[in-house]
Structures are given as C-alpha cells and as structure tokens.
Amino acid sequence: MSSAATVLKTEAAPILACTVSRDVANFDLLIEDMEAEMGESWGDLSFQDAVLFLNQPDAVQLRFIAIAVDSEDEDDLARISGIITTARERGVHVILIAEEISPIALHQLLRLGADDFVPYPLPERALHDAIERLGKSPSPIVGAAEPDPNAAPSTFKATGGKDGVILPVHGLAGGTGATTFAVNLAWELASISKKSPPRVCLLDFDFQYGSASTYLDLPRREAVFELLSDTAHMDGDSFSQALSTFNDRLHVLTAPADMLPLDIVNSEDVQRLIEMARANFDFVVIDMPSTVVSWTETVLAQSHVYFALIELDMRSAQNALRMIRALKSEGLPAEKLRFVLNRAPRFTDLTGKSRVRRMAESLDIAIEVQLPDGGKQVTQSNDHGLPLAETAAKAPLRKEIQKLAKSLFDLNLAAETGRN
C-alpha cells in the first residue's frame, strides 16, 4: 500500500478510505489503525497522486481520506490544500492527521474544510472515534451556506475603568457539566439586577471542543481566531469586535470556528485577554478546558475563585487529588479552588450525603457548592441554545446557580462599598 497503483488495482473489497501523505511509512501507527478499522478496504496515496485518483470513477465509493502531515510538509501546503478542496468537491470527508505542524498551518488546513483533526502519534481509539463522528455528519456539500461571520456581533465598547472578578470553571473529569455551569452562572450574574446589572463576560478557553456558543446559540466568528493569533496588538476595539452578545446582556468570546490546538495561545496571550476583560467587565467567567495546559497557571493566578467541578465518583476524587498535589508541588495557590459537586444526592438521600462527607474528608477539601441533577431539562436547554433561566426557571439546578450568583454579586458589591 505504498503507491496509487495499490489503490487502483482490482480488489475484492471496495476502497472506502485512503491515507494521503508524503510517505505513509512515517506514520506506522496510522497504518495499524487503518488496518484495524478498515480491513482491506483502504489504500494509500501520495500527495502527487491524490487529486488524480479523487477525480477518477474508482473514488466514487470513498467515505473519507486521512491526510497525514508533519513539519516537513508545511512548505507543501498549497498542494495539500488542493487535495482537501478536491475531496470536499467530491463529497469525501477529510480527517487531518498532524504531527508537529504550526498552529497557523493547522488552522489553514482546517479552514479549507477538513472534518476532523487527530494528533500524531495517534492516541488510543482516536482514529476510531474520528471515523465514528464522520458517520454522524452529512457528506460535504459544495456551496453549502457558511455561518455569517458578522452575525450577532457585540455592541459593547471597551472603555476600561473596571476591575472585574475572575471566575474560571474547570471540569476535573469528562461530563461533569462545567460548561453548563459556566454558561448559566454567567447569565445569572448578567441578569441579577434589573436596575443596575453588572457587566459580565464569558470567555470560552476550550479552543477545541468549546460549547458555550452552542449552549447560547451564538455563531463562532472569524474575528475570534484573528484576536487569538495576535494578542500583542489587541486593543479595545479588536477585543469588542470578537465578542458576541446574548440577549443584549451577556458578552461572549466563543471558541474559534475550527478545532485548534490548546497551545494556539501562550501564557502572555492569556494574560492579555484576561486583563482586557477584567478592565471592561464586573465579572469574567472563564470556561476552561479539562486538560491542564501551560497557561492554566496564569488563569489560576489571575482568578479570585477557581471553580472545580466534580461528581460523586472515583474518577473525580482521583483527579481532584491529582490537581491538588500538582498545584501544591509547584507552590501554586491551591486555596483558590472551590469544589462544586454536580449531580449531588438529594436532601433525603442520607446514604448519598454520607458518601459526600466521606469524599470531602478523604480529600481534605470542603465541597462548598452542591448542584442537583438537572436531568433532561439541562440537555433540552443546551440543545435549544438557552440558559435554564429561559427554559426551566423553576428547576432546582437553576435555583442553586442563581443563589450562587446572588452570593457572588453581593460579596463583590460589599467589597466595592468597602473600598469606596
């Protein structure tokens, strides 16, 4: 499977997928995973042969191509871009396998229409999961309508003069509801007072799978990537242009339109973004990626309270312990962590309450906020792109988040009064 001839020859099984690379031998893990996933129904193409094959009748059954690139291929981006464009025109999905290429090059390839991105060396089951996601998405359609990049822009003008409260939200395990909590906390703060509502900004720092825009039905705008790419020249105007507004109250910096590596920004970039938001808003809620990255320390240092979302299970307990140990070993302010237990047991569940107490004692932490299970109401609210306050105002989960927002608002108001 080292040339186009291998693909073109007659085989019992139809060719449903192809790898495309300068030399597939450089990606031996990809070969193993393709054989595991596709059996004999795949072949390999070089960059030179890919467009030729895609234009032939033999390519009509192709489901996807996996384009594998590394740092040596950055000088050949024009040819690779042409392959992606041709594949999209033929209705063939594209998975990008990338090893040590720059964030800018990766963004260019994703912008052309690659459906998914998987880093190399391939994490376990990463290719399997990417192929599975392709099965749930429609085939590419030429000329499909793109989201309006200028839709729902923020009317906010950066004037400075504020000293906002920084409130990051970090899920310590997958599915703990961190984004749901961040979105609803931000909205409750933004609507806490009818007479003089505080200015609230929600920053989605999960640059790969950030869902704040989905949960608030906001478009992902190109201006976000432009802002992240050059924070050194960021000013009030460029920052405000990258924001979207929900219901004329909540200002949101969504995740970029394309999946980007978390190191698209560094600590200095994050510092500038937080300082700009802090200078223009009363509250800044940050939806963090579950992965700890090089700039997590920067966010922690800037935060007033760092919410850590956990559940009543072993994985959350172990991850919380790892987080605490990591912070203390580096001399970082672990005392800023405020543990939030999502899907907490009901008041009448004495056994569950006992488990919560034992968990807190074993980890030597205080679980200060316990949120009830929102159930189907949460899923429905998120799917409709609305906060719980708009879809299930009387839900117990919404009331708890509202209560927390009121507490934060009152504490900040008291602090401001004391300073004045």
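None of the figures in this text is laboratory data; all of them are computed from the coordinates on show. For clarity, every value in this text was computed on a predicted model and none was experimentally measured. Virtual Cβ from ideal backbone geometry, glycine too; neighbours counted across all protein chains shown.
Over the chain, the alpha carbon radius of gyration divided by the compact-protein estimate 2.2 N^0.38 Å works out to 1.09. For the pair GLU361 and ASP237, label points projected 7 Å from Cα toward Cβ lie 6.2 nm apart. Extending 7 Å from the Cα toward the beta-carbon at both SER290 and VAL51 defines two label points whose distance is 4.1 nm. Estimated translational diffusion coefficient (Stokes-Einstein, Kirkwood radius over Cα pairs, 25 °C, 0.890 mPa s) of the range 36-104: 191 µm² per second. The HN-Hα couplings worked out from phi for the range 263-276 by the Karplus form 6.51 cos²θ - 1.76 cosθ + 1.60 (θ = phi - 60°) are 8, 4, 10, 10, 4, 5, 4, 5, 4, 5, 4, 5, 5, 5 Hz, whole numbers, x standing for Gly and Pro. Seen from THR86, the other residues with C-beta closer than 14 Å to its C-beta sum to a net charge of +1, counting Lys and Arg as +1 and Asp and Glu as -1.
Note on the range 241-347: semi-axes of the ellipsoid equivalent to its C-alpha gyration tensor, largest first and rounded to whole Å, are 26, 19, 15.
Could you grab the relative contact order for the chain? Cα pairs under 8 Å, six or more apart, rounded to a whole percent. About 15 percent, as a whole number.
From the P(r) of the range 156-307, could you give the percentage of C-alpha pairs in the tail past 28 Å?
Values: 968 of 11476 pairs.
Counting every Cα pair in the range 156-307, those more than 28 Å apart make up 8 percent.
Candidates VAL20, MET38, GLN48 compared by Cα position along the dipole of the range 10-49: farthest toward the positive end lies GLN48, with charges placed on Cβ.
With each label modelled as a point 7 angstrom along the Cα→C-beta vector, the GLU35-MET314 pair spans 3.5 nm. With one equal scatterer per alpha carbon and no solvent term, the Debye-computed log10 I(q)/I(0) for the range 4-136 at 0.14, 0.16, 0.21 1/Å reads -0.55, -0.73, -1.36. Each residue of the range 361-370 was assigned a 3J(HN,Hα) from its phi angle through the Karplus curve 6.51 cos²θ - 1.76 cosθ + 1.60 (θ = phi - 60°); the sequence is 5, 5, 8, 6, 10, 10, 8, 7, 10, 10 Hz, with glycine and proline shown as x.
Close amide H contacts of VAL165 (hydrogens built in the peptide plane, cut-off under 5 Å, sequence separation of 5 or more or a different chain): PHE283, VAL284.
Taking other C-beta atoms within 10 angstrom as a stand-in for reagent exposure, VAL92, VAL169 fall in the order VAL92, VAL169, fewest first.
Once you have the alpha carbon radius of gyration of the range 316-420, what is it after dividing by 2.2 N^0.38 Å, with N set to its residue count? Write down the numbers at each step before the final one.
Values: Rg = 16.9 Å, N = 105, 2.2 N^0.38 = 12.9 Å.
Working it through for the range 316-420, the quotient is 1.31.
Going by how many other Cβ atoms sit within 10 Å of their own, how do ILE367, ILE67 line up, fewest first?
Working: ILE367 19, ILE67 24.
Exposure proxy ranking, most exposed first: ILE367, ILE67.
A simple charge model with +1 on the Cβ of Lys and Arg, -1 on the Cβ of Asp and Glu and nothing else charged puts the dipole of the range 270-374 at about 260 debye relative to its Cα centre. Here the Karplus curve 6.51 cos²θ - 1.76 cosθ + 1.60, taken at θ = phi - 60°, turns the phi angles of the range 396-409 into couplings of x, 5, 4, 5, 5, 5, 4, 5, 5, 4, 4, 5, 5, 4 Hz, with x standing for Gly and Pro. Projecting the Cα atoms of SER362, ILE286, GLY171 onto the charge dipole of the chain, computed from C-beta unit charges around the Cα centre, puts SER362 farthest toward the positive end. Overall, the range 4-136 carries a charge dipole of about 700 debye about its Cα centre when +1 sits on the Cβ of Lys and Arg and -1 on the Cβ of Asp and Glu, all other atoms neutral. Entry note, the range 244-392: relative contact order of 17 percent, from Cα contacts under 8 Å with a spacing of 6+ residues.
Placing +1 on the Cβ of every Lys and Arg and -1 on the Cβ of every Asp and Glu, with no other charges, gives the chain a dipole of roughly 2680 debye about its Cα centre.
Would you give the gap between the C-alpha center of the range 344-412 and the C-alpha center of the range 168-188, rounded to a whole Å? What the calculation gives is 11 Å, centre to centre.
Of the Cα atoms belonging to the range 377-420, the radius of gyration and Dmax stand at 14.3, 44 Å. Return the subset of LYS162/LYS406; LYS194/LYS394; LYS328/LYS406 for which the Cα-Cα distance in this structure is over 25 Å, preserving the input order. Cα-Cα > 25 Å for LYS328/LYS406; rest within.
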